[in-house]
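Q: Provided herewith is a single structure, encoded as structure tokens, for subsequent inquiry.
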Amino acid sequence: MKFEAVLGARCPVCGGELDAPGLCRRCRSELHPRRWQNLVYLGGYRQWRGAVRALKFKGGRRLVAPLADALAAGVREAGWSLDAVTAVPTTWWRALVRGYNPAELLGRRIAERLELPFVRAVARRYTPSQTRRRRDERARMKAGTFFLQRELDHRRWLLVDDVWTTGATFRAVERVLRAGGAEAVYGAVIAARQDGDW
């Protein structure tokens, strides 16, 4: 599909003229995946805050392709042996309001690029949004927030989310996957606190 620039449209990351789908060409040139332990990410939240917010709250579906493609390249470079991809689930209510789960959109695109199956493996009970919680509150995420919604047919997983702040959400979903028989769980996110530039 040919991209047609919309007069006055702005890049959600830098605020410059949007001269390509989702992100401007300059910001696309900044899509360099990084690695920290078992996590691939694109940078700190300060740099990618606009993209994360647009994807989560402004229906920024055009951002999925460039962000997910860069993350898939980072995962490929990491050389992890993977069987399947899943995403941190959202509640049915948030999915209904937004019309989609941002992490799942990223996960599905990454799975496609890596030629792996995407599986909705874990579900989430209703909890208040983590975005307004203090760091220590996030770290104490209630046991039972996430649960396995199907028997796992795969052992080595890539778990996708939009942001890694304390790692509490990732670890909670990882525990559920491991309890279901997963042998290894790796991660891919847009922004991570480990970058040091929050």
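The values are calculated or read from the model by the stated rules, or taken from the named source; none is laboratory data. Everything numeric in this text was worked out from a predicted model, so none of it was measured. Because the Cβ atoms are built from the backbone with ideal geometry, glycine has one as well, and the counts that use them run over all protein chains shown. Remember, those area values only see protein heavy atoms, side chains included, never the ligands or the DNA or RNA. Shrake-Rupley method; radii C 1.70, N 1.55, O 1.52, S 1.80 Å.
Q: Does at least one position in the range 26-36 carry a residue that is crowded, with 20+ Cβ neighbours inside 10 Å and under 23 Å from residue 168 (Cα atoms)?
A: No.
Q: Within the range 61-83, is even one residue outside any helix (DSSP H, G or I), within 14 Å of residue 189 (Cα to Cα) and open to solvent by 10 Å² or more (accessible area, probe 1.4 Å)?
A: Quick first cut of the range 61-83, residues outside any helix (DSSP H, G or I) only: 79-83.
Those still in the list that are within 14 Å of residue 189 (Cα to Cα) too: none.
The answer is no; no qualifying residue exists.
Q: Checking the structure you have, find out if any residue of the range 99-116 is touching a strand residue (DSSP E or B) at 6+ places or on another chain (Cβ under 7 Å), at pLDDT 95 or above, assigned to a loop (DSSP other than H, G, I, E, B) and surrounded by 14 or more Cβ atoms within 10 Å (Cβ to Cβ).
A: The answer is yes; a qualifying residue exists.
Q: Between residues in the range 15-38 that are closer than 15 Å to residue 49 by Cα and residues that are in a helix (DSSP H, G or I) and at pLDDT below 90, which pairs lie under 7 Å by C-beta distance while being six or more apart or on different chains?
A: Pairs that qualify, where the first residue is closer than 15 Å to residue 49 by Cα and the partner is in a helix (DSSP H, G or I) and at pLDDT below 90, are 22/62.
Q: Name the pairs: first residue in the range 143-155 and outside any loop (DSSP other than H, G, I, E, B), second residue surrounded by 18 or more Cβ atoms within 10 Å (Cβ to Cβ) and among the β-branched types (Val, Ile, Thr), Cβ to Cβ under 8 Å, at least 6 apart or on different chains?
A: Listed pairs, sorted by first residue: 146/122; 146/173; 146/176; 147/122; 147/176; 148/122; 148/176.
Q: On to the next question. If a residue has to be at pLDDT 90 or above and either charged (D, E, K, R) or touching a Phe, Trp or Tyr at 6+ places or on another chain (Cβ under 9 Å) (or both) to count, how many in the range 161-198 make the cut?
A: 25
Q: Under the condition of being open to solvent by less than 20 Å² (accessible area, probe 1.4 Å) and small (Gly, Ala, Ser), which residue from the range 84-98 is farthest from the chain's Cα centre (by Cα)? First the steps, then the outcome.
A: Initially, the range 84-98 is screened for residues open to solvent by less than 20 Å² (accessible area, probe 1.4 Å), giving 84-89, 91.
With small (Gly, Ala, Ser) added as a condition, the list becomes 84, 87.
Details: 84: 15, 87: 7 Å.
So, considering only residues that are open to solvent by less than 20 Å² (accessible area, probe 1.4 Å) and small (Gly, Ala, Ser), the one farthest from the chain's Cα centre (by Cα) is 84.
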